[in-house]
1. Go over the candidates 74, 70, 89, 106 one by one and state the one that is touching an Asp or Glu at 6+ places or on another chain (Cβ under 6 Å) and either over 28 Å from residue 140 (Cβ atoms) or without any contact (Cβ under 8 Å) to a residue 40 or more places away in the chain (or both).
2. From the residues in segment 103-115 that are in contact with a Ser or Thr (Cβ under 9 Å, 6 or more places away or on another chain) and part of a loop (DSSP other than H, G, I, E, B), which one is surrounded by the most Cβ atoms within 10 Å (Cβ to Cβ)?
3. For segment 116-141, give me each residue that is of a type in the set (Gly, Ala, Ser), without any contact (Cβ under 8 Å) to a residue 40 or more places away in the chain and not in a strand (DSSP E or B).
4. If residue 73 satisfies every condition in (1) modelled with pLDDT of 95 or more; (2) loosely packed, with under 11 Cβ neighbours inside 10 Å; (3) of a type in the set (Phe, Trp, Tyr) but one, which is the exception?
5. Give the residues of segment 1-27 that are hydroxyl-bearing (Ser, Thr, Tyr) and either surrounded by 10 or more Cβ atoms within 10 Å (Cβ to Cβ) or in contact with a helix residue (DSSP H, G or I) (Cβ under 9 Å, 6 or more places away or on another chain) (or both), sorted by residue number.
6. Output the qualifying pairs, or none if there are none: Cβ atoms under 7 angstrom, residues six or more apart or on different chains, first residue in segment 25-45 and charged (D, E, K, R), second residue exposed (fewer than 10 other Cβ atoms within 10 Å of the Cβ).
Amino acid sequence: MKLHTLKPADGSVKNNKRRGRGQGSGGSTAGRGHKGAQSRSGHHTKFGFEGGQMPLVRRIPKFGFKNNNKIYFKAINLDALEELAQKIKSGAINIQVMLDNGIVGKNDRVKVLGRGELKAKVAVEAHAFSATATKAIENAGGSATTVK
């Protein structure tokens, strides 16, 4: 076998029909049929158009509304903070520490909630605290600091 003798297998390569290049290319309509929007140049179907049938987006009922001013918090409970305090063996837990340990995402706003029990004395920084969480953190000898 030599490079100059290589060729594709029989039947594996075929030329596409060159539609719309005159009568010799196999018909005057270039595979578009006769008349109608789809036979014209520049034809474009609207996204979601279902041929005149009521589109799916209009058949499905709509309800409720989305409040663009609502602030969504990532909830972190005291039991998760207790585990984190045991893991890092530090007296301070801030948002960067939670981020480094994979508890929160980089764009999350953090709210500490009061489920579980906190035994470690830690200074916690978060965007918000529930009343029970603040009370539990201070009873354990730590501090709860709200950050912007």
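1. On the way: 70 fails: touching an Asp or Glu at 6+ places or on another chain (Cβ under 6 Å); 89 fails: touching an Asp or Glu at 6+ places or on another chain (Cβ under 6 Å); 106 fails: touching an Asp or Glu at 6+ places or on another chain (Cβ under 6 Å).
Residue meeting the stated conditions: 74.
2. Selected residue: 114.
3. So the first thing to find is which residues in segment 116-141 are of a type in the set (Gly, Ala, Ser), and the list is 116, 120, 123, 126, 128, 130-131, 133, 136, 140-141.
Then drop every residue that is not without any contact (Cβ under 8 Å) to a residue 40 or more places away in the chain, which leaves 116, 120, 123, 130-131, 140-141.
If the condition is that a residue be of a type in the set (Gly, Ala, Ser), without any contact (Cβ under 8 Å) to a residue 40 or more places away in the chain and not in a strand (DSSP E or B), then 116, 120, 130, 131, 140, 141 are the ones that fit.
4. All conditions pass for residue 73, except number (2).
5. Our first condition is that a residue be hydroxyl-bearing (Ser, Thr, Tyr); within segment 1-27, this holds for 5, 12, 25.
Correct list: 25 only.
6. From segment 25-45, the pairs are 32/38.
The values are calculated or read from the model by the stated rules, or taken from the named source; none is laboratory data. Since the structure is predicted, the reported quantities are computational estimates derived from the model, not experimental observations. All Cβ positions, glycine included, derive from the backbone under ideal geometry; neighbour counts span all protein chains shown.
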